[in-house]
Ligand code: 5AD
Ligand code: SF4
């Protein structure tokens, strides 16, 4: 295997004040139609950042005349875009890679590639080199724009290759995209993370926080509007710190959101917000524009001040609750969701009770809940703890019961109301039932013609269930 560059987590932690280089994606004209009569299959794990990256990788493959398949047996190229956030996510990928071994035995020409966050970790790459020798290409999050070069090399030279950079990260503009949806699109507004929450591997795998210049973002959104897109979701690990890295002009997330809202796309969403950077201006912009959706995902992680401090979250329970109050006052119809970790090192029953109390007071209408997972190379990996896996599981169970009440209450408040729904398409189980999302991000099922897919329609909500709403087309 050719090992051009291997990951280095220590190096990936460095943050110098070096300027972000912005470059344009350049096509290598020597690589042409290498996908003719060939099929690819991509399996994407993890967050929306990975889903957005997959759309870029697909765009590159389609530009080379590859076509997509979801049948493993007929794939010439299988790429797994991986997530490193928790051990469970990584184990899934290793399981998948193990399974691919027998497929490759049947089809020795099959190329297997691994991308995303896992290749950014030394331990993962060592494990792949040792136990998964059937993998042909390993590349990380910083060099997606080079993927076709790697693929061409492997196809021509019949050798395997590892190329992972542990740099702070730059920005490549005008990357090709093959978007998953016809009317909903992800738009990256920034990359990386500088928060260094002590449990989290992301600042190491995705590099420093760097914002895209507004001109590029506006241009991308204008194109999406021209193509008939109804909804965009602005993406960043912490969108609220958008623009803080610009040295030459003052332009914050609230400014960007207002400018994009003015362009007139029917729906704008954004994720994820760090509570410490949620400005009053931002709350005002969300309240002011009807096309900025009344839905905020605001990860809290814990309700205990002691745990929050150990997590390096930079706010207290009270500060979080004050922010939540302010949001409810200015945007009364908003829906809030959150992320919570249980079983963080040293978390006691009292700490956990603080979390339950915060959940009750915040009136969350949903939450992603996790058991703390030790990530090698992060500060928390060295913290001692007496939280056993059993205690953590039991806390997760209690937390989920409370969170589910929030889901149900959040849905119930729409019973008897008429809401706007962006129609996704037929539901998975019944052909004549359509499914779609409300402005508050609630799932609605209702009878209707499939031609409505991609349109925003009025739906009367007859009945609220815990996870969805049943409605009737108006
Ligand atoms: N263990 C458990 N959950 C984690 N998250 C991030 N790192 C870890 C970890 N080491 C959760 C956080 C974050 C979400 C995307 O994943 O709640 O907000
Ligand atoms: Fe991880 Fe914290 Fe950054 Fe979110 S804000 S990606 S949890 S380090």
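What follows draws every value from the coordinates through simple rules; no lab data is involved. Not measured: the values here are computed from a predicted model. Cβ placement follows ideal geometry from the backbone for every residue including glycine, while neighbour counts extend to all protein chains displayed.
D by Stokes-Einstein for the chain, Kirkwood Rh over Cα pairs, 20 °C, 1.002 mPa s: 90 µm²/s. Model label points for residue 129 and residue 319, set 7 angstrom from Cα along the Cα-to-Cβ axis, are 4.2 nm apart. Values of log10 I(q)/I(0) for the stretch 111-241 across q = 0.19 Å⁻¹ run -1.14, by the Debye formula with one identical scatterer at each alpha carbon and no solvent.
Of the peptides 162-174, 73-85, 103-115, the ranking by mean beta-carbon count within 10 Å, highest at the top, reads 73-85, 162-174, 103-115.
Dividing the radius of gyration of the alpha carbons in the stretch 236-391 by their Kirkwood radius gives 1.01 for Rg/Rh. Rounded to two decimals, the Cα-based Rg/Rh of the stretch 329-460, with Kirkwood Rh, is 1.12. Here the scattering of the stretch 1-157 is modelled by Debye summation over its C-alpha atoms, one equal scatterer each and no solvent; at q = 0.12, 0.16, 0.21 Å⁻¹ the log10 of I(q)/I(0) is -0.52, -0.95, -1.62.
Averaged over residues, the count of other Cβ atoms within 10 Å places the peptides 54-62, 405-413 in the sequence 54-62, 405-413, highest first. Let's test the formula: R0 of 30 Å, r as the Cβ-Cβ distance of residue 99 and residue 427. What FRET efficiency results, to the nearest 0.05? Once the sixth-power term is evaluated, E becomes 0.50.
Here's the picture: a label point sits 7 Å out from the Cα of residue 409 along the beta-carbon direction, and within the stretch 355-379 the residues with their amide nitrogen under 14 Å of it are 356-367.
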